[in-house]
Amino acid sequence: MKPQELEQRIRQIDGFVRVLTQECHILDERRHILSPLIQDPAIQAGLKAKLDKTPGANAWNHLAPLLGQDLVRDQSRLFLDNHWRSGSLTNLWRKLQADPAIKEHYRERYGRIFDHFHDEPISDLPPESSAVFQEKFRQNDRDENYSRFDSGWERVSNEMVILSADPVAAKIKTLRDKHHAHLEMRKLDEEPGAFDINTLGLTFNEVLAFGDRCQATVAELGLLLTGTSWDPQQYASVHEAQGKAMWKTLAGV
């Protein structure tokens, strides 16, 4: 890959991972708006008591499935879309494999991320001695960072292999293709009607767990590519508290 092409590709990948990270934060907020409706008995009971035998009960029955399908659609868009212009995790990983020079660029950048900490001379040492120790400390940081990058890259690589054969991912892609992107009908020799999404056996718990695993992979990859660390569990704890607070207020519990 020519230097100019490599520079363009790096700029594109940097943009992809930043956008994907922001989208993951939004996805996690929505995940924690949905989860109390299907996992918190007190909230479920409070909302049921308020809505039972009211004109709003039928609309209420649509809410959890609606939010669930929206979550599935976003998961497919953010993690599984393999279109060449997509900013999904799958397509981002594909771009990173396009040329060994891309990985080497990010490894070198990550390795030198603390170089600037060692720019200042050590005040109580002669300049020559200071320079020796500065370079030694700088190289120690580089070696640790190279090792961290290599182990992180291996973890992401393993997760992407698992993702490519994940049965939950296959269900999500099928649901997206046959129900969201298209109103797919049954085969000619079957009873006329729309594709039955219940045959997929996709559960809410599978959807939530799948999203959590993919976000962890995005966080690890984002650290390696940008040097920026974010803990999905910390974001999740905030979003969980917000989601529960909203539903508890509405449910009166």
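The values are calculated or read from the model by the stated rules, or taken from the named source; none is laboratory data. Just so we're clear, the structure is a prediction, and the values are computed from it rather than from any experiment. Positions of Cβ are generated from backbone atoms using ideal geometry, with glycine treated the same way; all protein chains shown enter the neighbour counts. Side chains included, ligands, DNA and RNA excluded: accessible areas come from the protein's heavy atoms. Shrake-Rupley method; radii C 1.70, N 1.55, O 1.52, S 1.80 Å.
Taking the protein heavy atoms of the chain in the context of the full set of protein chains, the accessible area attributed to carbon and sulfur is 55 percent at 1.4 Å.
The GNM of the chain, with springs linking C-alpha atoms under 10 angstrom apart, assigns the highest mean-square fluctuation among Lys103, Lys50, Lys171 to Lys50. Rg/Rh for the stretch 145-188 stands at 1.33; both radii use Cα atoms, and Rh follows the Kirkwood definition. Only one residue of Thr203, Val156, His182 has its Cα farthest out toward the positive end of the dipole of the stretch 111-206, where Lys and Arg carry +1 and Asp and Glu -1 on Cβ, and that residue is His182. For the chain, the ratio of Cα radius of gyration to the globular rule of thumb 2.2 N^0.38 Å stands at 1.33. Think of a 1.4 Å ball rolled over the protein heavy atoms: the chain then has 59 Å² of accessible area per residue.
Rolling a 1.4 Å probe over the protein heavy atoms leaves Arg94 with an accessible area of roughly 110 Å².
Taking Pro41, Pro55, Pro232 in turn, the Gaussian network model of the chain (Cα-Cα springs below 10 Å) assigns the largest fluctuation to Pro55. Within the straight-line cut-off of under 20 Å between alpha carbons, the lysines reachable from Lys171 are Lys187, sequence neighbours fewer than 8 places apart in one chain being disregarded. If you build a Gaussian network model of the chain, linking Cα atoms that sit under 10 Å apart, which residue out of Glu159, Glu128, Glu144 swings the most? The residue with the greatest mean-square fluctuation here is Glu128. Placing +1 on each Lys and Arg Cβ and -1 on each Asp and Glu Cβ, with no other charges, gives the stretch 171-253 a dipole about its Cα centre of roughly 180 debye.
Rounded to the nearest 20, the Cβ-based charge dipole of the stretch 28-145 about its Cα centre (Lys and Arg +1, Asp and Glu -1) stands at 1040 debye. At the residue level, Phe195 shows approximately 50 square angstrom of accessible surface with a 1.4 angstrom probe and all protein chains present.
When the Cα gyration tensor is reduced to axis lengths a ≥ b ≥ c, the ratio a/c is 1.5 or higher for the stretch 43-125, and with a/b not above b/c it is classed as oblate.
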